[in-house]
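A short worksheet on the structure shown next.
The values are calculated or read from the model by the stated rules, or taken from the named source; none is laboratory data. Computed from a predicted structure; not experimentally measured. We place every Cβ from the backbone using ideal geometry, glycine too, and count neighbours over all the protein chains shown.
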């Protein structure tokens with residue numbers, strides 16, 4: 001592992017890997033990445049105070065690549081995954097930044113694709129590649145924030161850090177906002193949106209650099225905090241035009257309200273805290289309907305709220321509605337029947 005003092009010039013690309021207690025997965029990711037790393041790159045690993053320090057569990061592997069520039073940092077305390085993403089932006093030395101998840105599979109030609117793209121799109125401040133989340137058929141170049149928002153074809157794929165390359169210095173200009181809005185669960189997107197302006201370019205590529213596999217249930221983000229966080233992106237100091245356009249994309253990407261209601265109802269059953277469920281519900285539904293909704297949607301949201309207020313009385317209403325529509329909502333009825341048994 002090269003010492004920091006040995007770095008004579010700025011790397012073109014920093015590959016930053018924020019990690020916490022996934023030493024085995026990190027080892028696999030590094031095994032796929034390190035053989036591809038050239039002298040134009042550095043690898044930055046930021047250990048978020050793992051129980052078993054990753055410096056110890058990766059020492060043997062890193063020793064096999066003495067010519068690869070690797071920096072290992074360890075946070076004194078677990079600062080959370082979102083803040084650790086911000087740390088990657090803060091500590092990167094490269095002109096460009098690739099924030100690679102510690103458990104994503106790096107494709108054999110990934111780094112060649114990235115470096116080639118950077119050579120051909122030197123003006124771009126953001127490059128997003130395809131993945132199993134969304135496979136593009138053609139490349140798209142966007143100029144400015146409004147063009148970028150309009151051409152977002154999958155917010156989930158934009159949110160996925162491993163598919164994205166950022167211009168480090170431009171992203172760092174808005175790092176304070178990224179830290180402040182880290183509760184959005186998208187601090188890198190916060191800094192990006194505030195960096196695009198009216199003329200900076202971004203690229204939505206049809207190529208692929210990582211293989212994404214759905215996380216196990218214990219590693220999935222909880223849906224209610226995710227919805228609250230994602231919709232909080234609308235709080236950013238954007239123009240009214242950009243905010244309205246972003247709202248359309250976020251509303252389309254948000255977990256359906258029916259599923260969120262089920263999650264809140266389950267929390268209510270477990271904790272007995274009806275007021276908390278209504279608080280979260282009202283905050284989410286307000287943001288989803290603020291930028292326009294039809295009467296049918298407002299009626300549906302009102303019925304979901306009644307379900308949280310009066311779950312037992314709502315059972316009969318749901319059964320009657322399901323019978324009239326001929327489409328019984330099994331998940332919703334099962335949840336309420338569980339509550340009835342308590």
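Things to note:
- Selection count, region 195-214, where residues are in a strand (DSSP E or B) and either outside the structural domain of residue 136 (by TED's automatic domain parsing) or within 21 Å of residue 120 (Cα to Cα) (or both): 9
- Any chance residue 197 is under 25 Å from residue 131 (Cα atoms) and either surrounded by fewer than 20 Cβ atoms within 10 Å (Cβ to Cβ) or at pLDDT below 95 (or both): no
- Every condition in (1) within 23 Å of residue 35 (Cβ to Cβ); (2) surrounded by fewer than 20 Cβ atoms within 10 Å (Cβ to Cβ) is met by residue 144 except one, and the failing one is (1).
- Candidate set: region 264-300, residues that are part of a loop (DSSP other than H, G, I, E, B) and over 25 Å from residue 243 (Cα atoms); chosen: the one modelled with the highest pLDDT: 273
- If the condition is being under 22 Å from residue 118 (Cα atoms) and part of a helix (DSSP H, G or I), then region 31-67 contributes 32, 33, 34, 35, 36.
- Any hit, region 80-96, residues being over 30 Å from residue 198 (Cβ atoms), outside any helix (DSSP H, G or I) and either more than 20 Å from the chain's Cα centre (by Cα) or assigned by TED's automatic domain parsing to the domain that holds residue 9 (or both): yes
- With respect to the conditions (1) touching a strand residue (DSSP E or B) at 6+ places or on another chain (Cβ under 6 Å); (2) farther than 28 Å from residue 144 by Cα, residue 204 lacks only one, and its number is (2).
- Annotation note: Cβ proximity below 6 Å between a residue of region 239-251 that is at pLDDT 95 or above and a residue that is surrounded by 18 or more Cβ atoms within 10 Å (Cβ to Cβ) and not in a helix (DSSP H, G or I) (sequence gap 6+ or interchain) occurs for 249/152.
- Residue in region 211-230 that is in contact (Cβ under 8 Å) with a residue 40 or more places away in the chain and in contact with a strand residue (DSSP E or B) (Cβ under 6 Å, 6 or more places away or on another chain) present: yes
- Residues being over 16 Å from the mean Cα position of the chain (by Cα) and buried (at least 20 other Cβ atoms within 10 Å of the Cβ) are represented in region 205-224 by at least one member.
- Selection of first residues in region 47-58 that are surrounded by 15 or more Cβ atoms within 10 Å (Cβ to Cβ) and of second residues that are part of a loop (DSSP other than H, G, I, E, B), restricted to Cβ pairs under 7 Å at least 6 apart or on distinct chains, gives the following pairs, ordered by first then second residue: 47/53; 47/75; 48/20; 48/75; 48/78; 48/79; 50/20; 50/21.
- Counting the residues of region 68-84 that are touching a strand residue (DSSP E or B) at 6+ places or on another chain (Cβ under 8 Å) and farther than 24 Å from residue 112 by Cα gives 5.
- Residue match in region 60-69 (condition: surrounded by 14 or more Cβ atoms within 10 Å (Cβ to Cβ) and within 27 Å of residue 199 (Cα to Cα)): no
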